[in-house]
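To start, the structure under review is shown below, and the notes come after it.
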Amino acid sequence: MEIQWVMLAKEVRKNSDTTMCIDGIFHHLNNISPDKNVAMVLIVKLKPSITEVGEIKQIGIAIQHTEKGLVWIQKTPYKVHDVYSVLYEHPYMARRLLNVKFPYSGEYTFKVIVPKECEKEESIMVSLEEDK
């Protein structure tokens, strides 16, 4: 398995023609309240191999403040569905991240990990309400 890229957005919808509609891609969150959850979707472009069809991978998602350390972690299952998607579509995984709070201003790294195989990161900047 390979992770090709990671993206954060406000919303994602899968259309009937198997395309995805991604709304509100972001790299900055401004005026965030440190005690409120932020709604977001993590989108990951995966590239599994044919030999992984049918396997269920446990994918780890970690959010770290660059200076203060880990603030959120979750594991989520992902099943490699079929040969067609592996060969022609290179599957996407979209997960709504729940109960995520940003207690500090600064840079946060979202790390996606397939244990013993690969990992990819995406960073965002956060400013809190009190920083205005």
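See the values below:
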{"item": "Residues of segment 95-108 classified as without any contact (Cβ under 8 Å) to a residue 60 or more places away in the chain and surrounded by 14 or more Cβ atoms within 10 Å (Cβ to Cβ), total", "result": "5"}
{"item": "Arg13 surrounded by 12 or more Cβ atoms within 10 Å (Cβ to Cβ), of a type outside the set (Asp, Glu) and over 13 Å from Val126 (Cβ atoms)", "result": "no"}
{"item": "Hits in segment 49-74 - residues which are touching a residue at least 24 places away in the same chain (Cβ under 8 Å), of a type in the set (Ser, Thr, Tyr) and part of a helix (DSSP H, G or I)", "result": "none"}
{"item": "Exclusive hit being surrounded by fewer than 15 Cβ atoms within 10 Å (Cβ to Cβ) and in contact with a helix residue (DSSP H, G or I) (Cβ under 9 Å, 6 or more places away or on another chain), set Pro77, Pro34, Pro91, Pro48", "result": "Pro34"}
{"item": "Pairs with Cβ under 6 Å, 6+ apart, first in segment 115-130 and within 29 Å of Ser33 (Cα to Cα), second among the acidic types (Asp, Glu)", "result": "Ser123/Glu107; Met125/Glu107"}
{"item": "Matching residues in segment 108-125 - criterion: being in contact with a Leu (Cβ under 9 Å, 6 or more places away or on another chain) and either over 10 Å from Leu8 (Cβ atoms) or of a type in the set (Ser, Thr, Tyr) (or both)", "result": "Tyr108, Val112, Val114, Met125"}
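Every number here is computed from the coordinates shown, using simple stated rules; none is lab data. A quick note: this is a predicted structure, and the numbers were derived from the prediction, not measured. In this analysis, Cβ positions are derived from the backbone assuming ideal geometry, glycine residues included, and neighbour counts consider all displayed protein chains.
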